[in-house]
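Let me begin by presenting the structure, written as structure tokens, before commenting on it.
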Amino acid sequence: MADKISIPRGTYDILPDMSYKWQYVTRAFRDIAQIFDFREIVTPIFENADLFERSVGEVTDIVEKEMYKFSDKKGRVFALRPEGTAPVVRSFIENSLHKSGNIAKLFYSGPMFRYDRPQKGRYRQFYQYGVELIGSDHPYTDAEVIALADSFMKKLGLKGYRLEINSIGCSKCSPRYDESLKKYFGLYKAELCPDCLRRLDKNPKRLLDCKNNNCRKIAENAPSILDFLDNECRSAFEMVKEYLNLMNVEFVINPRIIRGLDYYNKTAFEIITDSLGAQNAILGGGRYNTLIKDLGGPDLPAIGFAGGFERLISLMQLEKLSFGPEPAPAVYLVVLGENTIPYALEICYNLRDKEITVEFDIEKNSLKAQMKAANRANAHYALIIGEEEMDKKKVTLKNMTAGTQESLNKEELLLRLNSPIDNR
Ligand code: HAM
């Protein structure tokens, strides 16, 4: 027997019994983004590796350890995108989207790639949804982006999550905070993990979210960023909180949020759950006011977020939330006798023209086999067509749940099936 080929580690297939759930959450995100007047943007799944090195940052896990980097036949170095913000900014600059003069409000969804150790809720290919709002530094826009994330959770019916917000300061106040962190963690050099030791000089904020138990204990008493914000960052953060209150968005302040990517400043936020174990971040985002300029574009401020669909769906399943009805045909065609096939097909395509879902298996002949199949398919109706029906130009419609049966002509059939509830 030939060897089987298996799926790459850290990836998974979305099979039909799950795909309708994916469609449901993708559609829900698209709907909510459009209600906030965000427009979809689609970028390639690979980019020049430099793009991520210069934006996400060279001293980050994503770039240091997790990038799927490869050279093409001409030796150009690309990376499968580990995240969506840098590609959106690259496209924004390349296509001069700022020229419209309006704020750019963009949303996206699609696969991202990170070479991390796979575990529950952490994959090497995972699917993100996200938004980027480019062109305003007004705290209202921070609140609007956060409110969108919160509305999405509410729309899905989720309860077991917490929105945490923080300000990580700007290029003026953040270096003072970095200095104080260096001083503080410097006292514990002998106890820090190798990653933290390495980052202490270049990126001391990252020590605040190290997962190592020892480092975590040390970080507990580290200085808080909120004591270091300058007047502008402090008052912007106050306003973000005020707008969130105005919009009835519940949040808690967590001064430990620093985010794992380098491009952030000012507002940072995460949606966290306590129900999914170690991979507890449902969504994360923040402001990145210098990234567009740093990548060669105009000096424009921006804010956005992204979340992983996998964790979202897991949480929805845990909370037993609805993903809408499982797909099932409204009508299962039960055709008795070869002669009736042309008449049955005519009706079948009439119904499909009216966007009614019809299933028909030409290989099953007996009434019993076809009724069994209709049951298995969870069809709402069996539409029985035999010679008698054909001769009288009628059909027999059997309601599979109620067990009732009626004889109808074509017009009556369409009328009966046209109510939305029947057209599943
Ligand atoms: P991030 O925090 O790296 O941010 O990722 C956002 C979300 O993607 C996480 O909260 C998590 O739900 C999901 N995620 C990340 N890695 C994995 C993985 N390996 N497996 C499953 N899910 C994962 C960003 O990517 C930023 N680009 C967000 C952003 C947009 N900031 C501003 N705009």
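The values are calculated or read from the model by the stated rules, or taken from the named source; none is laboratory data. The shown structure was predicted, so the numbers you read here are calculated from the model rather than taken from an experiment. Here the Cβ is made from the backbone with ideal geometry for all residues, glycine too, and neighbour counts use every protein chain on show. Protein only, heavy atoms only, side chains kept; ligands, DNA and RNA dropped before computing areas. Shrake-Rupley method; radii C 1.70, N 1.55, O 1.52, S 1.80 Å.
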Self-check item: First in the range 96-121 and under 18 Å from Gly307 (Cα atoms) and among the polar types (S, T, N, Q), second anywhere and part of a strand (DSSP E or B) and modelled with pLDDT of 95 or more, Cβ under 6 Å, 6 or more apart
Solution: Ser109/Tyr129
Practice problem: Scan the range 301-320 for residues that are open to solvent by 40 Å² or more (accessible area, probe 1.4 Å) and either on the phi > 0 side of the Ramachandran plot or not charged (D, E, K, R) (or both) and jot them down. | Solution: Ser314, Gln317, Leu318, Lys320
Self-check item: Out of Ile32, Ile14, Ile62, sole residue that is modelled with pLDDT under 95 and within 19 Å of Arg311 (Cβ to Cβ)
Solution: Ile62
Practice problem: Could you list all residues from the range 241-287 that are of a type in the set (Lys, Arg) and either part of a strand (DSSP E or B) or more than 14 Å from the ligand (Cβ to nearest atom) (or both)? | Solution: Lys241, Arg256, Lys266, Arg287
Self-check item: Matching residues in the range 105-126 - criterion: being closer than 16 Å to Lys65 by Cβ, of a type in the set (Lys, Arg) and not in a loop (DSSP other than H, G, I, E, B)
Solution: Arg122
Quiz prompt | Segments classed as helices (runs of 4 or more DSSP H), wholly inside the range 135-234, with at least 1 members that are touching a residue at least 40 places away in the same chain (Cβ under 8 Å), more than 17 Å from Asn254 (Cβ to Cβ) and among the small types (Gly, Ala, Ser) | solution = 139-156, 174-186
Quiz item: Within the range 92-133, restricting attention to residues that are among the polar types (S, T, N, Q), closer than 26 Å to Ile282 by Cβ and out of contact with any Phe, Trp or Tyr (no Cβ under 6 Å at 6 or more places or on another chain), which residue is nearest to the ligand (Cβ to nearest atom)?
Solution: Gln128
Quiz item: When the residues of the range 277-310 are filtered to those that are closer than 20 Å to Phe237 by Cα and of a type in the set (Val, Ile, Thr), which remaining residue is modelled with the lowest pLDDT?
Solution: Thr290
Quiz item: Is it the case that the range 67-83 has a residue that's touching a Phe, Trp or Tyr at 6+ places or on another chain (Cβ under 6 Å), within 27 Å of Pro194 (Cβ to Cβ), open to solvent by 20 Å² or more (accessible area, probe 1.4 Å) and not in a strand (DSSP E or B)?
Solution: yes
